[in-house]
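Laboratory data are not the source of any read-out in this text; all were calculated from the coordinates shown. Keep in mind the model is a prediction, meaning the values are calculated, not measured. Here the Cβ positions follow ideal geometry from the backbone for every residue, glycine too, while neighbour counts run over all protein chains shown.
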Amino acid sequence: MSTAVILAEATGTWPYVATAWVVVFGGMGAYALVTVLRGRRLSKKVAPEKRRWS
Amino acid sequence: MTTETVGSVEASDNGPTSTGSRSTMILGIVTLVALGVLVLFGLILSPADENQGEAVRIMYVHVPSATLSYVGCFLTTIGSAIYLWRKSRWWELLAYASAEVAALFTAFTLITGMLWGRPTWGVFWIWDARLTSEAMLMLLLLGYLAVRGLAADYQVRAKRAAIVGLLLVPNVLIVRESVQWWRTLHQKPTLSLAGAHIEGLMLFSLFTGFIAITLVFIWMVIHRFRVAWLEEQVDLEGLDEAIAERRAEGVVS
Amino acid sequence: MLSDAWLIARKDLKLEIRSRVALNQVIPFAILVLVLFAFALDPDRGLLEKATPGLYWIAVLFSGLLAMQRSFAVEAADGVTDALRLSGLTPSGIYLGKTLSVAVQLLALEVLLGVGVAVLYGTSITGWLLLVATIVVATAAISTAGTLFGVVAAGLRVRETLLPLLLLPVLAPVLIGSTRAFEAALSGTPSEGWPWVGLMSVFAAVYVVAGIFGFGPLMEES
């Protein structure tokens, strides 16, 4: 959806806008993924009663 | 663009052995909706600015990231202070979690700031007071994280990092002040980042950006906090037990 | 507290004088930095004289870092930290004492480097009052922050790389302030320099308070 818009209106500043949004959204996604995966790996090593939130 | 976030957040919150819980799952869904609204308004519905052109769209993620990088620093200093005062591990872990997330948002701020500067000023970097102090903030946060990530006992790491964390906000304030004087005493006042006249849909997009990015920040700090908590638990239980447990798991599955 | 500080400072300085490391290694390094700047910037075009304030303070920071690292390496070796803890001296006294000894070493270094730039870079020195005030305040700022972060990094395997990472960003305002104040003094407009002296005083005050309160918890652990 948004990539089509970007390609259609690829005037001077759009590449910068696209890069900025990709960096922020990609960065947030990657960090969230890494954090969640670390949490899953570590959760297996800890007894359930010590995971106070679940 | 949001597919990556969708996948990770939804996957995280269902399993019983994760850092997710019912409340963070709801928070995650709300966050994703907010991010969707941000994309809709920030990239599609809102108009281009008269002066900045399309580059104004970078502001909708840049300004909230910058604000939250400072919020993260503030939380780190508060957490460190309470840890030193009350020896509260909860606050220490909060300080650690928010410092790491703040470093992430500081990186976003710097990168988006440079990407905004190239079409607007013609260069990626100028020695603007805000850009420079944000870069210093990044270095200060990296210092804190380096101390917190030392391969040493929890007590040693936490206490030393807390001293660094306690001084984070004072340092940031002094650095900002000095950089501002430095630029204004010897050069013409720099261009204002928020110089655009923002109203209507553009203002709403910026507002959406604040909501969405703040929700992301909260979600990340909660999950990072829980990961840090689990790390300390694993440390406490000791390496031998962890190895034994993993061996047992290997047999079962 | 103050008598403890005096005791520690005298001990450290005596150690430093006897070991001669400062004399044999830190001072030659500081002079080397000055010479290297001359190699990097063409001395014929007056660049060196124009850039003197910045080069001077960079040289102070780098050679001061060397001296500071040494001052905590001495402490961390042979379990001296444990001995200090058992000695019954107050942590804040130990902090102030270490700060004082670092400050004295820095002052010696600064005087030497000052003579160095005057001779090697041909800088004509004016505005004595502001220059002296800047040196005193900047030394206080560098040594108060340096001592606190020195102890944060002390006794760790990564201390040689950790201390610069922690300390140099923190000292950025001091570098800016001292350089601008020196520029103001040397260009004959001292009134522009005094606000920076004020800023660095605030910096030093923040770190004295943080050090006095933070040293207790830091000394408790290993």
(request) Please state, as a whole number in µm²/s, the translational diffusion coefficient that the Stokes-Einstein equation yields for the range B:3-238 at 20 °C and 1.002 mPa s, with Rh defined as the Kirkwood radius across alpha carbon pairs. (result) 111
(request) Between residue C:119 and residue B:88, with labels modelled 7 Å along Cα→Cβ, what's the label distance in nm to one decimal, could you check? (result) 5.9
(message) Using each residue's phi in the range B:145-157, evaluate 6.51 cos²θ - 1.76 cosθ + 1.60 at θ = phi - 60° and report the 3J(HN,Hα) Karplus result to the nearest Hz, with x for Gly and Pro.
(response) 5, 5, 5, 5, x, 4, 7, 8, 4, 4, 4, 5, 4
(message) In the range B:142-169, whose amide N lies under 15 Å from the spot 7 Å out along Cα-to-Cβ of residue C:19? List them in ranges.
(response) none
(request) Under 1.5 on a/c is rounded, so check that first for the range B:41-154, then, if it is not, pick prolate when a/b is larger than b/c and oblate when it is not; a ≥ b ≥ c are the square roots of the alpha carbon gyration tensor eigenvalues. (result) prolate
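Based only on Cα atoms, what Rg/Rh ratio does chain C have, Rh being taken as Kirkwood's radius?
Result: Rg/Rh = 0.99.
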(request) Measure nothing but the geometry: give the 0 to 90° angle between the long axis through the Cα atoms of C:2-19 and the longest principal axis through the Cα atoms of chain C, rounded to 10°. (result) 70
(request) Quick one: angle between helix C:172-186 and the longest Cα principal axis of chain C, in degrees between 0 and 90, rounded to 10, please. (result) 40
(request) Wrap a convex hull around the Cα atoms of the protein assembly as shown, take a quarter of its surface area, and give that in square nanometres. (result) 28.9
(message) So if I take the centroid of the Cα atoms in the range A:20-47 and the same for the range B:70-127, what is the distance between those two points in Å?
(response) 18
(message) Nearest 500 deg cm²/dmol is fine: what mean residue ellipticity at 222 nm does chain C get from its DSSP H runs of n ≥ 4 alone, each adding -39,500 (n - 2.57), divided by its residue count?
(response) -27000 deg cm²/dmol
(request) State, as an integer percentage, the relative contact order of the range C:2-220 based on alpha-carbon contacts under 8 Å between residues 6 or more apart. (result) 28
(request) Binning at 10 Å from 0, report for the range C:118-189 what percent of all alpha-carbon pair distances ends up in each bin. (result) 19, 37, 25, 16, 2
